[in-house]
Amino acid sequence: MKTRRTFNSFVALGAMTAAVLSAAAPAAHAQNTGKVKVGLMLPATGTFAALGTAIENGFRLHVAERGGKLAGREIEFVRVDDESDPAKATDNVNKLVKRDNVDVLIGTVHSGVAMAMARVAKETGTLLIVPNAGADAVTGPMCAPNIFRSSFSNWQPGYAMGEVMAKKGYKRVVTITWRYAAGDESVKGFKEAFEKGGGTVVKDLGLPFPNVEFQALLTEIAATKPDAVYTFFAGGGAVKFVKDYAAAGLRRSIPLYGAGFLTDGTLLAQGADAEGLFTTLHYADSLNTPRDNAFRLAYAKAYKLQPDVYAVQGYDAAQMLAVGMEAVKGDLTKKAEFAAALQKARIDSPRGPFSLSKSHNPVQDIYLRQVSGKENKVVGIATKGLADPGRGCRM
Ligand code: PHB
């Protein structure tokens, strides 16, 4: 009996050890050979739905250009519609990390949702590449070795436009935006440069995201009679704002400026109401470089659509993942080497090449663009090689 029991416990122990080993060993093996699970957390519904689609299209285009594999590993996608809803964000990102066990998180558009993603990424060590949301905190106080951004910080286009409008000689400006991280930080960046250049923000108007009842605020702008208006809106909200601004008759009396999201991916819907608008952004439709022309052609072929800034950011998120994965030969557990490779990389983006700041945000040219027909045409470079200050990042 004794022998038997001992034998049985030995078998049980052996089985347990084997189970533990086999749990560890194939996992270690799969770390650089099996499929890579990419969790796409993007909006598929709501005011930012089209932005999510463009990001996913761009990401998939680059993966397809590499034959469906990065560093020899096949890419498998798991998707979640985050609805641009910060209240559901933590649950959504936990589904990807804990239920689906993704190797990489790609997301998202909305700054509030992205901050929840960054929190979970930081806690769990999951690799995160943000392909839009500009939340300054993501590459500021929340920065981490495993968190990267392929897009911009909210501060960047705002700051560039502050310099442009101060140089144009405007003195009294009203700002108007959605009251949440992206709108607030875009206006803050604008104000920092505009006031440095001698201007004053005389009124700071806002409404909750994603409301589009602009009428009362437009009346207030008309009554305030500023020299000009600076705004941050995007997606469906940007379409409506530009149309309402024109319908209120304000285009004739008070020039409208914005972060480039105001007119990116929106021009077909805005039509003549957007004609002539000046904005600042890290992309434009008329760069006419061999790199951008090749990208635009490939995108149009694949999707029967013209790309926009969101498509570029999705494409570049995949390029960044590829650079990191190649450096570690597909072994995503080598996080320090992955980060070191990206830190010294020059990403060959359709927007123009960029590198990453110490806090992992693109250091990039911000273009001044003007709407002409269905395009955001480049007028010039508003600010060359603009780096987000990365305030509060300790890494
Ligand atoms: C954001 O929430 O950070 C955001 C959303 C849409 C944009 C840009 C920034 O186009």
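Estimated from helical segments only, the mean residue ellipticity of the chain at 222 nm is -13500 deg cm²/dmol, where each DSSP H run of four or more residues counts as -39500 (n - 2.57).
Per residue, the stretch 155-281 exposes an accessible area of 36 Å² to a 1.4 Å probe, with every protein chain left in place.
Among beta bridges identified by DSSP and lying wholly in the chain, the antiparallel ones come to about 35 percent.
Taking only the alpha carbons of the stretch 271-395, we obtain Rg and Dmax values of 16.4, 51 Å in that order. The mean sequence separation of alpha-carbon pairs under 8 Å and at least six residues apart, normalised by the residue count of the chain, gives a relative contact order of 18 percent.
A simple charge model with +1 on the Cβ of Lys and Arg, -1 on the Cβ of Asp and Glu and nothing else charged puts the dipole of the chain at about 900 debye relative to its Cα centre. Structural descriptor for the stretch 155-281: relative contact order 27 percent, calculated from alpha carbon pairs under 8 angstrom and at least 6 residues apart. Using C-alpha pairs below 8 Å separated by at least 6 residues, the relative contact order for the stretch 125-229 is 27 percent. With 0.36 nm allotted per residue and the present C-alpha distance subtracted, the LYS384-LYS168 stretch has 76.0 nm of extension available.
Over 23 Å between Cα atoms: which of LYS191/LYS358; LYS243/LYS377; LYS37/LYS98; LYS167/LYS188; LYS191/LYS384; LYS243/LYS301 fall into that group?
Values: LYS191/LYS358 25 Å; LYS243/LYS377 20 Å; LYS37/LYS98 13 Å; LYS167/LYS188 18 Å; LYS191/LYS384 19 Å; LYS243/LYS301 30 Å.
Violating the 23 Å limit, Cα to Cα: LYS191/LYS358; LYS243/LYS301.
Compute the longest continuous run of the chain that contains no exposed trypsin sites (Lys or Arg not before Pro); treat a site as exposed when its DSSP state is not H, G, I, E or B and it has at most 16 other Cβ atoms within 10 Å. Free of exposed loop sites, the longest segment is 180-303. Put +1 on the Cβ of each Lys and Arg and -1 on the Cβ of each Asp and Glu in the stretch 257-351; which of PHE261, LEU287, SER349 then has its Cα farthest toward the positive end of the dipole? Value: SER349.
Counting protein heavy atoms only, the stretch 155-281 has 55 percent of its accessible area on carbon and sulfur, 1.4 angstrom probe. With the simple model of a label 7 Å out from the Cα in the direction of the Cβ, TYR303 to ARG391 spans 3.4 nm.
Of MET41, MET142, MET117, the residue with the greatest mean-square motion in the GNM of the chain, using alpha carbon springs below 10 Å, is MET142.
If you find the alpha carbon centre of the stretch 175-241 and of the stretch 59-115, how far apart are they in angstrom? If you average the Cα positions of each part, the centres end up 31 Å apart. About its Cα centre, the dipole of the stretch 223-269 is roughly 160 debye, where the only charges are +1 on Lys and Arg Cβ and -1 on Asp and Glu Cβ. For the stretch 155-281, the Kirkwood estimate of hydrodynamic radius, built from reciprocal distances between every pair of different alpha carbons, is 14.0 Å.
Suppose R0 equals 30 Å. What FRET efficiency, 1/(1 + (r/R0)^6) with r the Cβ-Cβ distance, do ARG179 and GLU275 give to the nearest 0.05?
After rounding, the FRET efficiency stands at 0.55.
Computed from the alpha carbon positions, the gyration tensor of the chain leads to an equivalent ellipsoid with semi-axes of 44, 21, 19 Å, biggest first. Magnitude of the charge dipole for the stretch 155-281, about its Cα centre and with charges confined to Cβ atoms of Lys, Arg (+1) and Asp, Glu (-1), is about 340 debye.
The values are calculated or read from the model by the stated rules, or taken from the named source; none is laboratory data. All values reported here derive from a predicted model rather than from experimental measurement. Please note: Cβ atoms are built from the backbone with ideal geometry, for glycine as well, and neighbour counts cover all protein chains shown. Note: areas computed on protein heavy atoms with side chains; ligands, DNA, RNA excluded. Shrake-Rupley method; radii C 1.70, N 1.55, O 1.52, S 1.80 Å.
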